[in-house]
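Below is one structure; the comments refer to it alone.
Bear in mind that the values in this text are calculations on the coordinates, not laboratory data. What you see is a predicted model, and the numbers here were worked out from it, not measured in a lab. Neighbour counts are summed over all protein chains in view; Cβ atoms, including those assigned to glycine, are modelled from backbone coordinates with ideal geometry.
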Amino acid sequence: MQSGVQRSLSLQVREEAIRYGVDSSELSGVLGCILGPVPDETMEFLLKKGLRALAQMSPEELLNLPGIGIEKSIRLAAAFELARRMARLMPEDRPQIKSPEDAVALVMEEMRYLDREHFWSLLLNTKNQVLARETISIGTLNSSAIHPRELYKAAVRCSAAGVVLVHNHPSGDPTPSKQDIEVTKRLIEAGNIIGINVLDHLVIGDKKFVSFKARGLM
């Protein structure tokens, strides 16, 4: 049962959204418009979790949060699904990957300065346009840290047709390691099972990169 304070805050959020527009609200206000009143600890968790992680949570996972019943969990999941469908209606704004250089241009300047290994995936549609970029892991690249489930969970949610794997070498030398090759092979095999193609794996160094596809490593 919601308290009088919660009802008051919920009403205030909605009145501000009507008066100033939802786009003027902070994230907590936008979530409040969708969910209605929730316990403070639940809102704190949602804000800390972040939009990307929340978008990947199923209604069943959301149900585990205090104050989130079936109705609220479905509301939030539906809001993210609407956002994904809207994004797919505007493909002309999406960068298209026609070569390794196209993908590198999207990540090089951000990735070359990272002091830890970051493993990302570029999720592509059937026209090789980028639907999303996902961070799969941060830290040393190894088979235990990179699980196919984490990679393909986001790909399936975005209805991706293919993925380009990307990770950096903080040393600046993009030469693939034996571990890089083993992890890539494992991820390709998993993708083949569910029908999502790994189109390339790019290793980013300092102003240099290696394409697994161009090197014949996949």
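Data for the structure
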read-out: Virtual spin-label span in nm between ALA190 and ASP40, 7 Å along Cα→Cβ; value: 4.0
read-out: Qualifying aspartates and glutamates (Cα of each under 15 Å from Cα of LYS98; at least 8 residues distant if same chain); value: ASP200
read-out: Selection of chymotrypsin sites (Phe, Trp or Tyr not before Pro), region 35-118, meeting DSSP coil and at most 12 other Cβ within 10 Å; value: TYR113
read-out: Bridge type composition, region 94-215 - antiparallel percent by DSSP, nearest 5; value: 70
read-out: D (Stokes-Einstein, µm²/s), Kirkwood Cα radius, region 103-218, 1.002 mPa s at 20 °C; value: 154
read-out: LYS207 versus GLU71: modelled label distance in nm, points set 7 Å from Cα along the beta carbon direction; value: 6.0
read-out: Spacing of the two label points (7 Å from each Cα toward its C-beta) at GLU81 and GLU61, in nm; value: 1.6
read-out: Candidates per GluC sites (Glu not before Pro) in region 123-214, loop by DSSP, up to 11 other Cβ within 10 Å; value: none
